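J.: Handing you a structure now.
The values are calculated or read from the model by the stated rules, or taken from the named source; none is laboratory data. As the structure is a computational prediction, the values presented were derived from the model and not from experiment. Cβ placement follows ideal geometry from the backbone for every residue including glycine, while neighbour counts extend to all protein chains displayed. Heavy atoms of the whole protein, side chains included, go into the accessibility calculation; ligands, DNA and RNA do not. Shrake-Rupley method; radii C 1.70, N 1.55, O 1.52, S 1.80 Å.
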Amino acid sequence: SQPIFSLQPLESRRLLHAGHPHIGPAAAAGNAVLQECPQVIEAREAVQDAVAQLNADHRAGRRTIKADRLAIVEEMKQLADEIGADGIREALAPLKEKLRVDTRAKNKEFRAAYEELRIAKRKGRQLIAADLAALQAAKQSGEQAAIEAAQEKLAADKAQVQEDLKPIRDGIIALGEKWRPILTAHHEAVESKLEELNPDLIPLFDKLDDDIAAVQEKLDAGHATVSAAQEELKVAIQDCREDR
């Protein structure tokens, strides 16, 4: 079984993932003009530098957060030595039970919502597939009126499918907004009880919160820098193509 000091409060804090940034609209490998265009070369290097910096910041942030969490775990080991693992479990039991109950309720609601989305998407795919088949048949017939009618139905059905999916997707987003503060409050209640049992945990939890906030801010800025550099690369490629 998991040791008592491996606790859910730490799981309520998520380090923002750096994602998988890419170099963006790179010049085609076989296009010698773009490959040699100074503006494209400079812009592409700027994107590469921005991506490299973002990835480096992400790795550094993960190391910082890992160190913070290890410090908390070590302090929890000391607490377990002082009052015993059973004492910690007993103190946290009612709080963790509330967390388990609400987590199960959240998961049940999400499962139902995602099942509704899955069924709706399947029906949408079936409808679009039928429209595509009808369009193909119309093209084979060569009748322009039939082709145009099939195209119009396909476009209308695509729009309707997206319209039908939107409230379901919005509902899933709403579920996240509903349950996030509830589960966060449960995690914070467990954390507060741990701080009550061992006040030395207070500065450690605070440092973890501060470091995660700082890392997330840096990663947000890094993503913005990558996006801006990618836009500059698009402009450089377009300019070079127009100057050919």
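J.: Heavy atoms only, probe 1.4 Å: what % of the accessible area of the range 34-78 goes to carbon and sulfur, would you let me know? List each step's numbers first, then the result.
T.: Numbers: 1220 of 2550 Å².
It is 48 percent, rounded to a whole number.
J.: Just going by the charge dipole of the chain, with Lys and Arg at +1 and Asp and Glu at -1 on Cβ, which of SER192, ALA155, GLY142 is farthest out on the positive end?
T.: GLY142
J.: Residues of the range 80-157: accessible area per residue at 1.4 Å, in Å²?
T.: 68
J.: Suppose each label sits 7 Å from its Cα in the direction of the beta carbon; what would the THR184-LYS158 distance come out to in nanometres?
T.: 3.9
J.: Compute and list, largest first, the equivalent-ellipsoid semi-axes of the range 166-221 from the alpha carbon gyration tensor, each √(5λ) rounded to a whole angstrom. Before the final figure, lay out each step's value.
T.: Details: eigenvalues 173, 72, 3 Å².
Computed over the range 166-221, the values are 29, 19, 4 Å.
J.: What number, in percent, do you get for the relative contact order of the chain if the mean sequence gap of Cα pairs under 8 Å and at least 6 apart is divided by its residue count?
T.: 45
J.: Spin-label point model (7 Å from Cα, Cβ direction): what's the GLU82 to LEU165 distance in nm?
T.: Simple spin-label model gives 5.4 nm for this pair.
J.: A further question on this structure: May I ask for the Rg/Rh ratio of the range 92-177, computed from Cα atoms with Rh as the Kirkwood radius, given to two decimals?
T.: 1.33
J.: Assigning unit charges at the beta carbon (Lys, Arg +1; Asp, Glu -1) and nothing else, what dipole magnitude in debye, to the nearest 20, does the range 85-244 show about its Cα centre?
T.: Numbers: 26 positive and 32 negative charges, 220 e Å.
The dipole of the range 85-244 has a size of about 1060 debye.
J.: How large is the dipole of the range 104-151 about the Cα centre if only Lys and Arg carry +1 and Asp and Glu carry -1, each at its Cβ, rounded to the nearest 20 debye?
T.: 600
J.: Starting from one equal scatterer on each C-alpha and no solvent at all, send me the Debye-based log10 I(q)/I(0) for the range 66-210 at q = 0.08, 0.17 Å⁻¹, two decimals.
T.: Results for the range 66-210 at q = 0.08, 0.17 Å⁻¹ read -0.48, -0.98.
J.: Let me ask something additional. To the nearest 10 Å², what's ASP239's accessible area with a 1.4 Å probe?
T.: About 70 Å², rounded to the nearest 10.
J.: Going from most exposed to least, what order do LYS121, LYS153 have by accessible area with a 1.4 Å probe?
T.: Descending accessible area places them as LYS153, LYS121.
J.: Another question, if that's okay. Among the GluC sites (Glu not before Pro) within the range 123-174, which fall in a DSSP loop and have no more than 15 other Cβ atoms within 10 Å of their own Cβ?
T.: Details: sites: GLU143, GLU148, GLU152, GLU163; in loops: GLU143.
When the GluC sites (Glu not before Pro) of the range 123-174 are filtered for loop state and at most 15 Cβ neighbours within 10 Å, GLU143 remain.
J.: Another question, then. How big, on average over all directions, is the shadow cast by the Cα convex hull of the chain, in nm²?
T.: It is 20.1 nm².
J.: Tell me, what is a quarter of the convex hull surface for the C-alpha atoms of the range 134-244, in nm² with one decimal?
T.: Averaged projected hull area, Cα only: 13.9 nm².
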